[in-house]
Amino acid sequence: MPLRAAAICGLLAPVTFVAGLLLGDLAQPDAFSPANDNISDVGAQTADRAWLYNQIAANLNGLLIVAFALGLWHALGPCRLARLGVVGLAVLGVTRFLEGFFRLDCRGMDEGCDNTSWQADAHGIESGIASALFFLVPPVLAFAFRQLPEWRDLWLPTLLAVPGVVVASVVFSGIGDGAAVRAASITWFLWLGLLAWRLLRLADSRIVGANTSSPSV
């Protein structure tokens, strides 16, 4: 995975998540409340235009995260903590991709809603794995960045990513549970975008360095 291409994928990951979620929220009926209803409801079997979330904010988003992780694997080198963090990020990307297929049976607002299918069970499993990695990946990468000169200045912002997610969730919880989850998720993706921006700068600097060192004909 070329570094520049991976970086662009990383920059697109927050865009696809926010766009798919926002459009999915707007496609739901007036009775649906983004402030109170869960994100997963937007992709449920009974959701209106569920493809907006499932194919954009889940399938495409997951593929972009995996591609970005492949670039980070190359850029961060053999550092064990870096390898562990990147693998965690890649697995998180896979869970995002699978979420587009493992859908809830119905939305919480639907009368008599009861998520009992195997898809709903699988959704619960992949969501649990994703939630754990959501909080584990940033601190692991933070301590890896501390050991790498090109990334060292990002170690503290990365370490603070999880506290930032928690703060965003608490602040927006006054609006509703749905708003809290959305704010936390968007904050996390902003951190991912920061890493992608750094990878893009490193990729460009290496291209410039390679061109400068090439002998003229």
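Numbers at a glance
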item	result
Rounded to the nearest 20 debye, dipole of the range 1-134 from Cβ charges on Lys, Arg, Asp, Glu	980 debye
The range 46-143, relative contact order [Cα under 8 Å, separation at least 6], %	32 percent
Mean separation of Cα contacts under 8 Å (6+ apart) over length of the range 115-169, as relative contact order %	26 percent
The range 1-114 - percent of accessible surface contributed by carbon and sulfur, probe 1.4 Å	66 percent
Cα gyration tensor category, rounded, prolate or oblate, for the range 122-182 with a/c compared to 1.5	oblate
Projected-area average for the chain over all orientations - Cα convex hull basis, square nanometres	13.2 nm²
Highest-fluctuation residue, W118, W155, W51 considered, GNM on the chain with Cα pairs under 10 Å	W118
For the chain, Cys with no neighbouring Cys Cβ under 4.7 Å	C9, C79
Pairwise centroid distance, computed over Cα atoms, of the range 14-66 with the range 109-167, Å	18 Å
Dipole magnitude of the range 59-139, debye to nearest 20 (Cβ charges: Lys/Arg +1, Asp/Glu -1, about Cα centre)	620 debye
Over the chain: helical MRE at 222 nm, DSSP H runs n ≥ 4 each giving -39500 (n - 2.57), nearest 500	-23000 deg cm²/dmol
Top of V137, V171, V18 by mean-square fluctuation, Gaussian network on the chain, Cα under 10 Å	V171
Carbon + sulfur, % of accessible area of the range 159-201 - ligands and nucleic acids excluded, 1.4 Å	76 percent
For the chain: relative contact order, % (alpha-carbon pairs under 8 angstrom, 6 or more apart)	26 percent
Among G193, G85, G176, residue whose mean-square fluctuation peaks in a GNM of the chain (springs only between Cα atoms under 10 Å)	G176
Accessible area per residue in Å² at 1.4 Å probe, computed on the chain	48 Å²
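The values are calculated or read from the model by the stated rules, or taken from the named source; none is laboratory data. All figures in this text were calculated on a predicted structure; none of them were measured in a lab. Here Cβ is always computed from backbone atoms with ideal geometry, including for glycine, and neighbour counts include all displayed protein chains. Accessible surface areas use protein heavy atoms only, side chains included; no ligands, DNA or RNA. Shrake-Rupley method; radii C 1.70, N 1.55, O 1.52, S 1.80 Å.
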